[in-house]
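Student: Handing you a structure now.
The values are calculated or read from the model by the stated rules, or taken from the named source; none is laboratory data. Since this is a predicted model, take the numbers as computed values, not measurements. The accessibility values were calculated without ligands, DNA or RNA, using every heavy atom of the protein model including side chains. Shrake-Rupley method; radii C 1.70, N 1.55, O 1.52, S 1.80 Å.
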Amino acid sequence: MGKGHGVSGYTHTQKQLDNYANRHNPNNPAYHANLENHSNQCNPNNDEYYRSREGVAGLKSDITPDLLKK
């Protein structure tokens with residue numbers, strides 16, 4: 001039995017396996033894009049932080065930057 005890491009070829013298509021491998025390979029641009037997207041969404045100084053939280057209960061609309069209120 002597996003440890004719950006990765007994905008199985010029995011339950012995923014080859015394209016899904018390739019996408020997973022690309023996102024978890026430090027030599028692949030998708031890996032770095034995934035890291036950058038995550039860090040942008042966790043940084044309150046970045047617009048993506050607020051975009052990723054639009055519609056979340058409890059988020060005050062007055063803290064959303066003016067750029068997003070268009």
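Student: On the full set of protein chains, 1.4 Å probe, figure out the accessible area of Y49 and give it in Å² to the nearest 10.
Tutor: Accessible area of Y49: about 50 Å².
Student: Would you pull out the residues with amide H under 5 Å of N28's amide H, same chain only if 5 or more places away, H placed 1.01 Å from N?
Tutor: When sequence neighbours closer than 5 places are left aside, there are no close amide H contacts.
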